[in-house]
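Just below is one structure, and these are the notes that go with it.
The values are calculated or read from the model by the stated rules, or taken from the named source; none is laboratory data. Quick caveat, the model's predicted, so the values are computed rather than measured. Neighbour counts are summed over all protein chains in view; Cβ atoms, including those assigned to glycine, are modelled from backbone coordinates with ideal geometry. Quick note on the areas: whole protein, heavy atoms, side chains included, nothing else; ligands and nucleic acids left out. Shrake-Rupley method; radii C 1.70, N 1.55, O 1.52, S 1.80 Å.
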Amino acid sequence: SIQAIRQMHSEGLRVVMVTGDNERTARAIAREAGVDEVIADVLPAGKVDVIRNLQQERHVVAMVGDGINDAPALAQADVGLTMASGSDIAMEAGDVTLMRSDLTGVASAIALSRGTMRVMRQNLFWAFIYNVIGIPLAAGALYPVFGLLLSPVIACAAMALSSFSVVTNSLRLRRLKVV
C-alpha cells in the first residue's frame, strides 16, 4: 500500500481513505501509508455521500473497494476500481477490475488511462486536420481559384496513410511504462 500511494502521489493524485474503521486506527494506518486525508467511522451510505461531496467540489473520484459494502460507492464514483479477489457485487458495481490484489494496479490503471486518452486526442486532432484539408481538396474547392484537383488515387492513398498513422500512433501505448 505504501508503494501504491507513492505512485498515486507521483501521478499528482490526492489519496483519501474512507473507512468504516474507527478514527484512531484509520489515522494510524493512514499516517504509516502516506494517505492525505482520512474519513473514518463511515457506513456504506456515508461513503456514497463522501464521494458525492467530492464530486460537487469538482473532483474526479476514483474509488477502490472490494466488498459488498463498497458497491454503492463504487457505482457512485466517476471510476470504480475493484479487486478480482473482491465480492461479485463489488466487481459488478465497479468499472475496472484489477486482476491482482495489489494496490499498485490502481496507479498503473490510471497511468494507462491517461496515456490512452492522450493518444486518442492526438489521433482525433490529426484526423480532424486531415479532413479539414482533404475533403475540400477532394471536393474541388481549389479548382476555381488554382485549377487544382485531387486525383482519386491520391485521395485513397491519403486516406490509407491517415489510417496507418492512427494505428501506428496507437501502438505507442505498448511502450507505456506501467508498474
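Computed from the C-alpha gyration tensor, the three semi-axes of the ellipsoid equivalent to segment 79-179 are 45, 13, 10 Å, from longest to shortest. Surface analysis of segment 71-138 yields an accessible area of 56 Å² per residue, using protein heavy atoms and a 1.4 Å probe. If R0 is 25 Å, the Cβ-Cβ spacing of Arg52 and Arg27 corresponds to a FRET efficiency of close to 0.60.
Taking R0 as 30 Å, what's the FRET efficiency between Asn169 and Asp36 from their Cβ-Cβ distance, rounded to 0.05?
Details: r = 35 Å, r/R0 = 1.17.
Step by step, r from the Cβ atoms, then E = 0.30.
Rounded to the nearest 10 square angstrom, Thr97 shows an accessible area of 50 square angstrom against a 1.4 Å probe.
Counting helices only, and only those DSSP H runs with n ≥ 4, report the 222 nm mean residue ellipticity of the chain as the sum of -39,500 (n - 2.57) divided by its residues, in deg cm²/dmol to the nearest 500. Intermediate values should be presented prior to the final figure.
Working: 8 runs with 105 residues, N = 179.
Theoretical 222 nm ellipticity from helices: -18500 deg cm²/dmol.
These residues, Arg121, Arg31, Arg24, Arg114, go from largest to smallest accessible area, 1.4 Å probe, as Arg24, Arg31, Arg121, Arg114. What is the distance, in nm, between label points placed 7 Å from the Cα along the Cα-to-Cβ direction at Gln3 and at Ala158? Those two pseudo-labels are separated by 5.1 nm. Taken over segment 39-132, the alpha-carbon convex hull comes to 118 cubic angstrom per residue.
Among Met99, Ile89, Pro152, whose Cα sits farthest toward the positive end of the charge dipole of segment 76-152 (+1 at Cβ of Lys/Arg, -1 at Cβ of Asp/Glu, about the Cα centre)? Highest projection toward the positive end goes to Pro152. Amide H contacts of Thr97 (H built 1.01 Å from N, in plane; Pro and chain starts excluded): Thr82 sit under 5 Å, all sequence-distant by 5 or more or on other chains.
In terms of accessible area, using a 1.4 Å probe and ignoring ligands and nucleic acids, Tyr130, Tyr143 rank largest first as Tyr143, Tyr130. Counting only alpha carbon atoms, the long axis of helix 104-139 and the longest principal axis of the chain meet at about 20°.
For mean projected area of the Cα convex hull in nm², the value computed from the atomic coordinates appears in the list (i) 12.5; (ii) 14.1; (iii) 10.9 under label (ii).
For Glu11, Glu57, what's the largest-to-smallest order of accessible area, 1.4 Å probe?
Numbers: Glu11 60, Glu57 115 Å².
Ranked list, largest accessible area first: Glu57, Glu11.
Using a probe of 1.4 angstrom, how much of the accessible area of segment 103-164 is carbon and sulfur, in percent?
Working: 3350 of 4230 Å².
Answer for segment 103-164 is 79 percent, counting heavy atoms of protein chains only.
Relative to the dominant Cα principal axis of the chain, helix 23-33 is inclined by about 50°. Mind checking which of Ser87, Ser151, Ser108 has the largest fluctuation in a GNM of the chain, springs on alpha carbons under 10 Å? Top of the fluctuation ranking is Ser151. Projecting the Cα atoms of Leu43, Ala26, Leu13 onto the charge dipole of the chain, computed from C-beta unit charges around the Cα centre, puts Leu13 farthest toward the positive end. Once the Cα atoms are used to define both axes, helix 44-56 deviates from the longest principal axis of the chain by about 40 degrees. Taking Cα centre as origin and charging only the Cβ of basic (Lys, Arg, +1) and acidic (Asp, Glu, -1) residues, the dipole magnitude of the chain rounds to 940 debye.
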